[in-house]
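Only one structure is covered here, and it is reproduced in the block below.
The values are calculated or read from the model by the stated rules, or taken from the named source; none is laboratory data. Just so it is clear, the model here is predicted, and its values are computed rather than measured. Here the Cβ positions follow ideal geometry from the backbone for every residue, glycine too, while neighbour counts run over all protein chains shown. Keep in mind that these areas ignore ligands, DNA and RNA; they rest on the heavy atoms of the full protein, side chains included. Shrake-Rupley method; radii C 1.70, N 1.55, O 1.52, S 1.80 Å.
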Amino acid sequence: MIPDVSKALSWLEAHPEALNGIQRGIERETLRVTPKGSIAETLHSEELGKALTHKWITTDFAEPLLEFITPVDKSIGHSLAFLRDLHRYTARHLHNERMWPLSMPCFIENEEKITLAQYGASNVGRFKNLYREGLKHRYGALMQTIAGVHYNFSLPIEFWQAWAGVKDAESGKAQISDGYLRLIRNYYRFGWVIPYLFGASPAICGSFLKDRNTKLTFDKTEKGTYYLPYATSLRMSDLGYTNKSQSDLNITFNDLDSYVAGLKKAIYKPSEEFAALGTKKDGKYIQLNTNVLQIENELYAPIRPKRVPKGDESPSDALLRGGIEYIEVRALDINPFNAIGVDETQTRFLDLFLIWCVLADAPKMDTQELDCSRKNWSRVILEGRKPGQVIGIGCGSEMKPLVEVGQQLFKDLIRVAEVLDTCCDAKYQEVCHQFVSMFEDPKLTYSALVMDKMLEQGIGGYGLELAEKYYQELISEPYEVITEEQFEAARVASIEKQAMIEKEETESFEDYLHKHAGR
């Protein structure tokens, strides 16, 4: 049903010190909204600094779509306190606006009211804005206002030294990359557990479906809430972060070279659909190029292998240079039960699951099996809480009850938790006991709990109630790990850095585009 991990778990129990020093980083997105629950039309405030250059507070697709970024940290508690400070600081500078506490957007009357993120007059700033212009023309601006949480995770070098026999990160980069790719393959096979447990977008505002074709058969409330009775995460469905034109790219995760080759091929692969749009309209650029991917980050995936680039390095060139440094989990909905969109129990579960993914055998996956794994994800995303729901094992040759597979997975996770509680902390087993009960009773899942509120109050009413509650919480709390002086220094530094980039610009934007836009 799931891989036999007994030998690997025995190894881990004999080497608990190998898990000391796990590093994490969190990115949380949230829309700024008006007191009535509509998307804010104001620009990103300079009171928060410049989105292009601020190290902690930026924007994603649109001006009102905030993104908070924590530094790499070995302490879960410190990382979450840092993230909460970013929310506290921002709340104090919102001026009659609030942060939307749900993944799916609030009421948006017209897509034209969504202002693309602005990054100034520099080439890099204009490039980032044009990339978003391309996303708008390719997929529509509405889809890009969906918000999520990304969890960045890396194991300490001591783990790889004990597990794979590497000497150091540089000489062992091939083995470390293979280990992370093994993690990714298991994530594709079993990562549906994340939307099952933590999916919190089983319903959407009716305005999101305006002029959209969908094969999904929604139920509807009198308050304009559309929902699927057993859904967990519509954010992860075809309504959200998917790109049908990417379905035939055949990018696999069996080795780093083939993964990067597939990614590079995609950014140079012409698209008839996007070519029909053209690169310019009325003399103005509307996308970076007409390829399937404008840039590598356009590849939508629930998980990504990553390395911090140097200089103008592309993400894939960084991977080829130094191997995989960490992985980015992208399947988390905003947690509406917490003011900062994610909590400690979720991060601990992710630690457990990702460690299990590294330890478990992960045979190579061809594109057919990747497609099969996506069908499992889709089952859970659209009908995860359906009584008797099943999961395909392998490529669907065998179907097993989702409850049974989940419970078996947790039998392994509790052993990982025991090791972590011994070497690093004392709360991981509690997390296991809390979440395994969600397989016994789907009504305990985030999606079931949030569905009740959404149906009762409507998405707008529920979202606004939470937004106001969390706003009042945040502005009344003192900072924990960042001082007001540090916030001000970061804000000023971001303004000065952007001004310097713009001042030192020597290259024309046309030349910059030809060099960086995959043309």
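Taking amide hydrogens as placed 1.01 Å from N in the peptide plane, the amide H of LEU332 sits under 5 Å from those of VAL149, each at least 5 positions away in sequence or on another chain. Qualifying GluC sites (Glu not before Pro) in the range 488-519, where qualification requires a DSSP coil assignment and no more than 13 other C-beta atoms within 10 Å, comprise GLU504, GLU507. Loop-resident trypsin sites (Lys or Arg not before Pro) (DSSP state other than H, G, I, E or B) in the range 316-421 with no more than 14 further Cβ atoms inside 10 Å of their Cβ: LYS364.
Solvent-accessible area per residue in the range 222-331 equals 45 Å², computed with a 1.4 angstrom probe and all protein chains kept. Annotation: per residue accessible area for the range 6-157 equals 33 Å², rounded to a whole number [probe 1.4 Å, protein chains only]. For the range 466-518, the calculated P(r) over all alpha carbon pairs, in 10 Å bins from 0 to the bin holding the longest distance, is 18, 23, 24, 18, 17 percent.
Gain on full extension, evaluated as 0.36 nm per residue between ASP282 and GLU504 minus their Cα-Cα distance, stands at 76.9 nm.
Inter-part distance, the range 296-368 to the range 377-400, computed on C-alpha centroids, equals 23 Å. Compared with the direct C-alpha span, the chain from HIS78 to GLU109 gains 7.2 nm at full extension, assuming 0.36 nm per residue. Computed over the alpha-carbon pairs of the chain, the distance histogram in 20 Å steps reads 22, 59, 19, 0 percent, short to long. Heavy-atom accessible surface of LYS210, to the nearest 10 Å², is about 120 Å², with a 1.4 Å probe and all protein chains retained. Ligands, DNA and RNA excluded, the heavy atoms of TRP163 present near 80 Å² of accessible surface to a 1.4 Å solvent probe. By the compact-protein rule of thumb, 2.2 N^0.38 Å, the alpha-carbon radius of gyration of the range 446-490 corresponds to a ratio of 1.70. Residue ranking by accessible heavy-atom surface, 1.4 Å probe, largest first, among ARG92, ARG126 comes out as ARG126, ARG92. If R0 is taken as 22 Å, the Cβ-Cβ distance between ASP441 and ILE393 corresponds to a FRET efficiency of 0.40. With the convex hull of its Cα atoms as the shape, the range 49-185 has an orientation-averaged projected area of 11.6 nm². Run the numbers on the chain and let me know its relative contact order in percent, using alpha-carbon pairs under 8 Å that are six or more apart. Reported as a whole number, the value is 24 percent.
Here the dipole of the chain is about 1100 debye; that uses its Cα centre as origin and unit charges on the Cβ of Lys and Arg (positive) and Asp and Glu (negative). Rolling a 1.4 Å probe over the protein heavy atoms of the chain, with every protein chain left in place, gives an accessible area that is 49 percent carbon and sulfur.
The stretch between ALA493 and SER45, if pulled fully straight at 0.36 nm per residue, gains 159.8 nm over its current Cα-Cα span. Of all the Cα-Cα pairs you can form in the range 1-57, what percent are over 14 Å apart? The calculated P(r) of the range 1-57 puts 76 percent of pairs beyond 14 Å.
A 1.4 Å probe over all protein chains sorts MET365, MET399, MET236 by accessible area into MET399, MET236, MET365, starting with the largest. Multiplying each eigenvalue of the alpha-carbon gyration tensor of the range 247-375 by 5 and taking the square root yields semi-axes of 30, 21, 16 Å, largest first, rounded to whole angstroms. In the full protein context, the range 436-519 carries 56 Å² of accessible surface per residue, based on a 1.4 Å probe and ignoring ligands, DNA and RNA. Label-to-label distance, ASN213 versus HIS514, with points set 7 angstrom from Cα along the beta-carbon direction: 3.9 nm. Rounded to whole numbers, the Karplus 3J(HN,Hα) couplings from phi for the range 467-474 are 4, 5, 4, 6, 4, 5, 4, 5 Hz, using 6.51 cos²θ - 1.76 cosθ + 1.60 with θ = phi - 60°, and x at Gly and Pro.
Of interest is the spacing of the C-alpha centroids, which for the range 460-519 and the range 57-99 amounts to 9 Å. Residues whose amide H lies under 5 Å from that of THR115, counting only those 5 or more places away or on a different chain, are GLU63; hydrogens are built 1.01 Å from N in the peptide plane. Translational diffusion of the range 56-100 was estimated from the Stokes-Einstein equation, with Rh taken as the Kirkwood radius over Cα pairs; at 20 °C and 1.002 mPa s the coefficient is 187 µm²/s. What are the trypsin sites (Lys or Arg not before Pro) within the range 24-72 that DSSP puts in a loop, where the Cβ has at most 15 other Cβ atoms within 10 Å? Of the trypsin sites (Lys or Arg not before Pro), the ones in loops of the range 24-72 whose Cβ has at most 15 other Cβ atoms within 10 Å are LYS36, LYS55. Checking the Cα-Cα distances for LYS220/LYS269; LYS7/LYS386; LYS50/LYS136 against a 30 Å cut-off, the pairs over it are LYS220/LYS269; LYS7/LYS386. For the range 295-346, the Kirkwood hydrodynamic radius comes to 13.0 Å, computed from all pairs of different C-alpha atoms. The alpha carbons of the range 401-511 occupy a box of 61, 44, 42 Å along the principal axes, longest dimension given first.
The dipole here belongs to the range 41-131: it is taken about the Cα centre, uses +1 on the Cβ of Lys and Arg and -1 on the Cβ of Asp and Glu, and is about 420 debye. Here LYS280 sits with roughly 100 square angstrom of accessible surface, probe radius 1.4 Å.
Eigenvalues of the alpha-carbon gyration tensor of the range 124-282, scaled by 5 and square-rooted, set the equivalent ellipsoid semi-axes at 35, 25, 14 angstrom, largest first.
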